[in-house]
Amino acid sequence: MNRLAGKVTMVTGAGRGIGAAIALAFAREGASVALAELDIETARATAERIRQETGADVLTVATDVTQSASVKEAVQQTQAQFGPLDVLVNNAGINVFCDPLTMTDDDWRRCFAVDLDGVWNGCRAVLPGMVERGRGSIVNIASTHSFKIIPGCFPYPVAKHGVIGLTRALGIEYAPDNVRVNAIAPGYIETQLTLDWWDSQADPKAARQATLDLQPMKRIGQPQEVAMTAVFLASDEAPFINASCITVDGGRSALYHD
Ligand code: NDP
């Protein structure tokens, strides 16, 4: 408890899934939390749950991470309400899984707009203030697709590889200013995103079982297991972790044979 006491935090895509779990974990640890979310209704419902459970200060801000002005505005609103931002989690992301040669231009742009531009828009909006104050922590939600490729899942892994590049570049650029930029690479986590993917397969039940069979721990992860890692990276317990990525996948990506 109170590992983030007094910190002002913002989480993008926090209406549901991993983002909602991170927002709740931050609130439990004593932070003020802004939920920057495209779907303001899910954000409001999640914010209410967090308030009731933790009594924390929670703000919801309608935000489209693909639009730099929208993210800037969300940061301004958060700071007007809570004060200078200490922590940003760039979590909003979408699956765009295509065959490279039949993919449309729109699929490519949609993927990069959310999964890579969205992360950059967040970083760009908070870095000037963090640099000026000489402190800050940015946590970018990458993926095990940042290191591994599954055929037919193009161009999502290309954007997620970019998230790691962005994390490392900005981590080095702003290290002298005491601003840390890190990433988390989740494996399979039980959220709507994953359920939708299974449902899109010819046999959803078999697809789910096939995923489980490949997990060393014989289960997939829970959003709160990613959130615990975000708390650590956001907190003062990780002052020398920078330009780094922590994988949260139960060991799946270390497994050689399927
Ligand atoms: P969900 O789809 O459950 O949640 C994503 C949230 O982001 C939704 O609330 C969604 O809002 C929001 N969002 C989407 N587009 C935008 C946008 N343009 N601006 C603001 N918010 C937006 O996904 P997860 O919680 O599973 O994923 C969260 C992150 O974790 C993503 O970056 C994903 O790539 C990554 N990840 C997830 C894994 C998993 O197994 N679940 C594995 C590895 C990485 P709306 O509902 O309105 O679309």
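Suppose the filter is of a type in the set (A, V, I, L, M, F, W, C), at pLDDT 95 or above, assigned to a helix (DSSP H, G or I) and closer than 17 Å to E37 by Cα; does V119 pass it? Full working, then the answer.
On the way: of a type in the set (A, V, I, L, M, F, W, C): yes; at pLDDT 95 or above: yes; assigned to a helix (DSSP H, G or I): yes; closer than 17 Å to E37 by Cα: yes.
For V119, the condition - of a type in the set (A, V, I, L, M, F, W, C), at pLDDT 95 or above, assigned to a helix (DSSP H, G or I) and closer than 17 Å to E37 by Cα - is met.
Restricting the range 11-58 to residues that are in a strand (DSSP E or B) and of a type in the set (V, I, T) leaves a set whose member that is nearest to the ligand (Cβ to nearest atom) is T12.
Among the residues making up the range 196-249, those that are closer than 17 Å to I141 by Cα and among the polar types (S, T, N, Q) are Q222, Q224, T229, S235, N242, S244, T247.
Of the candidates A23, A34, the single residue that is out of contact with any Gly (no Cβ under 7 Å at 6 or more places or on another chain), crowded, with 21+ Cβ neighbours inside 10 Å and touching a residue at least 40 places away in the same chain (Cβ under 8 Å) is A34.
Mind checking which residues of the range 129-157 are in contact with a helix residue (DSSP H, G or I) (Cβ under 8 Å, 6 or more places away or on another chain) and among the hydrophobic types (A, V, I, L, M, F, W, C)? So that I can check it myself, show each step before the final result.
Step one: filter the range 129-157 for residues in contact with a helix residue (DSSP H, G or I) (Cβ under 8 Å, 6 or more places away or on another chain), giving 129-131, 134, 136-150, 153, 155-157.
Matches in the range 129-157: M130, V131, I138, V139, I141, A142, F147, I149, I150, C153.
For the range 76-94, the candidate set comprises residues that are over 16 Å from the mean Cα position of the chain (by Cα) and within 16 Å of the ligand (Cβ to nearest atom); within that set, the residue that is nearest to V179 (Cα to Cα) is T78.
For the structure I just gave you, tell me whether A142 is surrounded by 15 or more Cβ atoms within 10 Å (Cβ to Cβ), in contact with a Cys (Cβ under 7 Å, 6 or more places away or on another chain) and of a type in the set (G, A, S). The answer is yes for A142.
The values are calculated or read from the model by the stated rules, or taken from the named source; none is laboratory data. Just so we're clear, the structure is a prediction, and the values are computed from it rather than from any experiment. Positions of Cβ are backbone-derived with ideal geometry, glycine not excepted, and every protein chain shown enters the neighbour counts.
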